[in-house]
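Shown next, in structure tokens, is the structure this report addresses.
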Amino acid sequence: MLSLVCLLVAASTVDGYINLTSLSYVRLEDANGGFTLGASTYNRVAFDPSQGILYALATEPGRLTVFSLNLDGTLTQRAVHAFATSTEGHPLDIEFCSPAAGGVDRLAISFRDPTSLGADGDVNFYQPLTAGNYEFPAPFKEIATGADPVDLEFAQDCLVLVVANKGKPSPGHAGSGDPEGIITKILTPFDFNEDSTVTSTSIGFGLVNDQATLSDLMAKNFRPWPFRNSDGPISGITASKNVEPVNVIVAPNGQVVYAALPKNNAIARINLDINMVSEIIPLGNRSWDNFYLDASQADGGANMRRFPVYSTLQPRQIKWVVQDEAQWMITLESGYIDEIPDYNYRGARQGSVLAAGIAPGVPELDVSADLKAMLEDNTLLGEAEFSIEDGKGADGIKLENLFLNGGRGISIRRGSDLSVATSLIDNVERETAQNFRNIFNSGMRFPNRTPQQEKDITSATFGPDLSVIETGFYEDQKVLFLGGGSSGIIYVYVLIPDTDCPQPYFHSAKRFGNTVLTWQAAYDQGQMGDIGITDMLYIPREGQRTVDVLVVASATSNSIHTYRVNDD
């Protein structure tokens, strides 16, 4: 039976459009206690509603900044804690969870190994802070994880913490091997304390090492590359070592975990009852024959058109949505280009390089003359980054179909089987072209240039470069917030809960910050905006809190920003 996939997205017809109003914008400290552009690459936030405390974690500075979230949604900075990164490692993610009445609140932070990205990390548990006492404590429990524990997620009861361990080869340590990407399940008791017994279980992806299973997955666009043999600096690399989970969610029933595998163009389903990966679900591909994108900076701005190419979807983040009686998973299909410097590997090349066919490691093309002409034109596909692995013909050598990296949108999938109900394919990029032409697909490459001078800079790779999705209810409407990582644009959609075809309707887009100053000058003046968005958190009004708040954490600008969500 074929599933109906709905693609139509129109302007909303509700009375008020949901939008964002800036409340507080705070730059975070660098490792020396000063303020430096680009001081971090990964910032995360967590919130304790009972204490009104917002935690902001910055990876490279190794700093935790503690704020009070005031009743009007503004921030008051209370304290900054500096981790000893040389011994503790760099912090990666932070999660807070408050269980049912009588349970113990949990605050967890994951850390990368201080000596090698390829070594096992750990998760530390801390006593949460209380309002008025902001001195950060030492951890009361430390649990070993896999390598590079990039994402944490508590189950709804707070008893189970799930960790995504990426397991990417460490620069400078590739000769010692590639660590497995694994999921760690940490089980804690209801009355969790320093004397509690904690159970930790590692869940791997060994099922992809079976050749028949791998062949079946690859037929559906599963990506296991790069294969490496004893002639390279990394030997004995199995397919499972190339599985790299970056994001996890726990289904509402608490029994199933889903992991996003952007490198592999897949989602994994993990059964927590038996601690096994029960299924890996490849996400297939997307044809751009009937949809529009801009794949070039050389074309001088927002020029979207159709091309006879494909893309793998490669979700960076997944989100579970429950509305009325329906459940969906939303996949943020941002894309991923794999690079392993020690192995001299990069999984993509520009179209012009493929067309020339003279660079090392570039496969031969077997495409039409019309497509080759597009690849030779930098205003069309010459600058676009194409996979050197996907799209090979029966000989396994020549590229017959060309694949971009990432779907440049989202898909809303049925919770029962993860089949696609609705997709936003080119809508986000079209809204950007319509509302932000002067900073269309922008990103910071050179600090002495302006955002307007660096427009179109992500067109050849990930387009709008969607990096984060957050959801929540505003009044009785389900709202989707999409963060444009490089540009700093936040897109607001409202999800209409049709069981067969849930429709995301565009409401607004917001970009805070100056676009005519250089990046450096805008940063120095506190006007850079939310550049390099790595996390968002929706906090609905509750009790005496009078506003619905969206918290945005950004790494390039190394900032925390609160917005009021409203329909004024």
Run down Ser311, Ser334 and say which single residue is in contact with a Leu (Cβ under 8 Å, 6 or more places away or on another chain) and more than 24 Å from Glu454 (Cα to Cα). Ser311
All but one of (1) crowded, with 22+ Cβ neighbours inside 10 Å; (2) at pLDDT below 90; (3) touching a Pro at 6+ places or on another chain (Cβ under 6 Å) hold for Val163, so report the exception by its number. (2)
Single match in Thr197, Thr213, Thr201, Thr188 (criterion: among the β-branched types (Val, Ile, Thr) and crowded, with 22+ Cβ neighbours inside 10 Å): Thr188
Residue in the stretch 226-234 that is buried (at least 19 other Cβ atoms within 10 Å of the Cβ), touching a residue at least 24 places away in the same chain (Cβ under 8 Å), β-branched (Val, Ile, Thr) and assigned to a strand (DSSP E or B) present: no
Conditions (1) farther than 27 Å from Ala46 by Cβ; (2) crowded, with 24+ Cβ neighbours inside 10 Å; (3) touching a Ser or Thr at 6+ places or on another chain (Cβ under 7 Å): number failed by Asn448: (2)
State whether one or more residues within the stretch 490-500 are at pLDDT below 95, surrounded by fewer than 22 Cβ atoms within 10 Å (Cβ to Cβ) and among the acidic types (Asp, Glu). yes
Could you list, in sequence order, the residues of the stretch 235-277 that are farther than 21 Å from Ser411 by Cβ and outside any loop (DSSP other than H, G, I, E, B)? Ala239, Ser240, Lys241, Asn242, Asn271, Met276, Val277
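Can you name every residue in the stretch 145-160 that is under 14 Å from Phe190 (Cβ atoms) and either buried (at least 24 other Cβ atoms within 10 Å of the Cβ) or touching a Lys or Arg at 6+ places or on another chain (Cβ under 8 Å) (or both)? Break it down into steps so the answer makes sense when it comes.
In the first step, residues of the stretch 145-160 are kept if they are under 14 Å from Phe190 (Cβ atoms); the result is 154-160.
Result: Phe154, Cys158, Val160.
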Provide a single number: the residues in the stretch 326-384 that are at pLDDT below 95, within 27 Å of Gly300 (Cβ to Cβ) and hydroxyl-bearing (Ser, Thr, Tyr). 0
Please note which strands (runs of 3 or more DSSP E) are completely contained in the stretch 312-360 and include at least 2 residues that are under 22 Å from Ile281 (Cβ atoms). 317-323, 326-333
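Matching residues to (1) touching a Cys at 6+ places or on another chain (Cβ under 8 Å); (2) under 24 Å from Ile337 (Cα atoms); (3) in contact (Cβ under 8 Å) with a residue 12 or more places away in the chain; (4) of a type in the set (Gly, Ala, Ser):
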site	(1), (2), (3), (4)
Lys455	no, yes, yes, no
Thr458	no, yes, yes, no
Phe473	no, no, yes, no
Lys478	no, no, yes, no
Leu482	no, yes, yes, no
Tyr493	no, no, yes, no
Cys501	yes, no, yes, no
His507	no, no, yes, no
Gly513	no, no, yes, yes
Please pick out the residue among Phe67, Phe35 that is among the hydrophobic types (A, V, I, L, M, F, W, C) and part of a loop (DSSP other than H, G, I, E, B). Phe35
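Would you confirm whether or not the stretch 370-380 contains a residue that is on the phi > 0 side of the Ramachandran plot, without any contact (Cβ under 8 Å) to a residue 60 or more places away in the chain and not in a helix (DSSP H, G or I)?
Of the residues in the stretch 370-380, the ones on the phi > 0 side of the Ramachandran plot are none.
No, every residue in the stretch 370-380 fails to be on the phi > 0 side of the Ramachandran plot, without any contact (Cβ under 8 Å) to a residue 60 or more places away in the chain and not in a helix (DSSP H, G or I).
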Please find, among Leu75, Leu37, the residue that is within 18 Å of Phe512 (Cβ to Cβ) and touching a helix residue (DSSP H, G or I) at 6+ places or on another chain (Cβ under 8 Å). Leu37
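Considering every residue within the stretch 503-516, establish whether at least one is assigned to a loop (DSSP other than H, G, I, E, B), aromatic (Phe, Trp, Tyr) and out of contact with any Lys or Arg (no Cβ under 6 Å at 6 or more places or on another chain). Reasoning before the result, please.
The initial filter retains those residues of the stretch 503-516 that are assigned to a loop (DSSP other than H, G, I, E, B), namely 512-516.
Filter once more, so that each one left must be aromatic (Phe, Trp, Tyr): 512.
Going one step further and asking which of them are out of contact with any Lys or Arg (no Cβ under 6 Å at 6 or more places or on another chain), we end up with 512.
Scanning the stretch 503-516 turns up at least one residue that is assigned to a loop (DSSP other than H, G, I, E, B), aromatic (Phe, Trp, Tyr) and out of contact with any Lys or Arg (no Cβ under 6 Å at 6 or more places or on another chain).
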Could you check the stretch 70-101 and list, in sequence order, the residues that are touching a residue at least 40 places away in the same chain (Cβ under 8 Å), assigned to a loop (DSSP other than H, G, I, E, B) and surrounded by fewer than 21 Cβ atoms within 10 Å (Cβ to Cβ)? Leu71, Asp72, Thr74, Ser98, Pro99, Ala100
Selected residue (criterion: farthest from Lys141 (Cα to Cα)) from residues of the stretch 109-128 that are touching a residue at least 60 places away in the same chain (Cβ under 8 Å) and buried (at least 20 other Cβ atoms within 10 Å of the Cβ): Gly118
State the number of residues belonging to the stretch 397-426 that are more than 28 Å from Gly351 (Cβ to Cβ), surrounded by 18 or more Cβ atoms within 10 Å (Cβ to Cβ) and among the polar types (S, T, N, Q). 1
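Any chance you could count how many residues in the stretch 390-400 are of a type in the set (Asp, Glu) and modelled with pLDDT of 95 or more? If you could, list the steps in order and put the result at the bottom.
Initially, the stretch 390-400 is screened for residues of a type in the set (Asp, Glu), giving 390, 395, 400.
Remaining after also requiring modelled with pLDDT of 95 or more: 390, 400.
Residues meeting the conditions: 2.
Restricting attention to the stretch 263-287, report how many residues are surrounded by fewer than 21 Cβ atoms within 10 Å (Cβ to Cβ) and either of a type outside the set (A, V, I, L, M, F, W, C) or farther than 18 Å from Ser419 by Cβ (or both). First the steps, then the outcome.
So the first thing to find is which residues in the stretch 263-287 are surrounded by fewer than 21 Cβ atoms within 10 Å (Cβ to Cβ), and the list is 269, 271, 273-276, 278-279, 281-282, 284-285, 287.
Keeping just the survivors that are either of a type outside the set (A, V, I, L, M, F, W, C) or farther than 18 Å from Ser419 by Cβ (or both) gives 269, 271, 273-276, 278-279, 282, 284-285, 287.
Qualifying residue count, the stretch 263-287: 12.
For Arg408, state whether it is closer than 30 Å to Leu117 by Cβ, out of contact with any His (no Cβ under 9 Å at 6 or more places or on another chain), free of Cβ contacts under 8 Å to residues at least 60 places away in the same chain and among the basic types (Lys, Arg).
Working: closer than 30 Å to Leu117 by Cβ: yes; out of contact with any His (no Cβ under 9 Å at 6 or more places or on another chain): yes; free of Cβ contacts under 8 Å to residues at least 60 places away in the same chain: no; among the basic types (Lys, Arg): yes.
When the stated conditions are applied, Arg408 does not pass them.
Scan the stretch 522-539 for residues that are among the small types (Gly, Ala, Ser) and within 21 Å of Asp465 (Cα to Cα) and jot them down.
Filtering the stretch 522-539 for residues among the small types (Gly, Ala, Ser) gives 522, 526, 529, 532.
If the condition is that a residue be among the small types (Gly, Ala, Ser) and within 21 Å of Asp465 (Cα to Cα), then Gly529, Gly532 are the ones that fit.
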Filter the stretch 337-390 down to the residues that are in contact with an Asp or Glu (Cβ under 9 Å, 6 or more places away or on another chain) and surrounded by fewer than 14 Cβ atoms within 10 Å (Cβ to Cβ) and list them by number. Gly357
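The values are calculated or read from the model by the stated rules, or taken from the named source; none is laboratory data. Please read these numbers as outputs of a predicted model, since none were measured by experiment. Note that each Cβ is placed from the backbone with ideal geometry, even for glycine, and that neighbours are counted across all protein chains shown.
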